[in-house]
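Any read-out appearing in this document is the output of simple, stated calculations on the displayed coordinates, not a laboratory observation. Quick caveat, the model's predicted, so the values are computed rather than measured. When we count neighbours, we look across all protein chains shown, and the Cβ atoms used for this are built from the backbone with ideal geometry, even at glycine.
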Amino acid sequence: MRVYSHDINDGEKMPEKLVFNGMGYSGDNLSPHLAWDDIPAGTKSFVVTCYDPDAPTGSGWWHWVVANIPANVSELATGAGSGLAPLPTGAIQTRTDFGKAGYGGAAPPQGETHRYLFSVHALDVDTIDVDEGASGAMVGFNVHFHRLASATITVNYR
């Protein structure tokens, strides 16, 4: 499986348009375009996540979670997680560590460089049993038991 984007490149710096607007930052808080291919046989749905493993919380920070993306979808437009482009029918965004559903961009403590892992997970079920209030950890728990393959783009921001 492969994930790619018009907005981000693996190993590079996150563009300002994807950075959070708040907590001392003035980015546009746009979710990036993501697309995927080389899908494994038996895929019935996808989950997209953005996770910062470097957040000073002891458990990282969930920046974006989209569950129950239908198997016939292979792309999310720039801004889909920010309400500026539509999400696929049936897909839901769940609660991030900002406390609400939807994309929240990079906002590391001043002077720190953090990694942001944008992942697409192919699942063997049509849906996972989560709602908008589910945490990233709860979604990840469900993904763990149904994942056929995953692909990740990692970007950095300071």
Within the stretch 55-74, name every residue whose backbone N is under 16 Å away from a label modeled 7 Å from Cα of R147 along the Cβ vector. 60-68
Just add up the charged neighbours of N29: K/R +1, D/E -1, any other residue whose Cβ is under 12 Å from the Cβ of N29. -1
As an exercise, take the mean of 1/r over every pair of distinct alpha carbons in the stretch 45-158, invert it, and state the Kirkwood radius in angstroms. 14.2 Å
As a test of the formula, what do you get for the chain when each DSSP H run with n ≥ 4 contributes -39,500 (n - 2.57) and the sum is divided by the residue count, at 222 nm and rounded to the nearest 500 deg cm²/dmol? -2000 deg cm²/dmol
Net charge over other residues, Cβ less than 13 angstrom from the Cβ of A149 (K, R count +1; D, E count -1): 0
Counting sequence-distant residues (5 or more places) and residues on other chains, those with an amide H built under 5 Å from that of M14 are N156, Y157
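What is the sum of charges, Lys and Arg at +1 and Asp and Glu at -1, for the other residues whose Cβ falls under 15 Å from the Cβ of G102?
Neighbourhood net charge equals -2.
Compute the projected area of the convex hull of the Cα atoms of the stretch 1-112, averaged over all viewing directions, and report it in nm² to one decimal place.
Values: hull surface 29.7 nm².
Quarter of the Cα hull surface area: 7.4 nm².
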I'm checking a number: the convex hull volume of the Cα atoms of the stretch 1-52, normalised per residue, in Å³. What is it? 100 Å³
Quick note, the stretch 92-158: a/c under 1.5 would make it rounded; otherwise a/b > b/c is prolate and the rest oblate (a ≥ b ≥ c, C-alpha gyration tensor); here it is oblate
Signed unit charges on C-beta, dipole axis of the chain, positive-most listed residue W36, T113, M138: T113
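In percent, what relative contact order does the stretch 13-158 have, based on Cα pairs under 8 Å that are 6 or more apart in sequence?
28 percent
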Could you state the angle between the C-alpha long axis of helix 136-146 and the longest principal axis of the C-alpha atoms of the chain, as a value from 0 to 90 degrees rounded to the nearest 10? 30 degrees
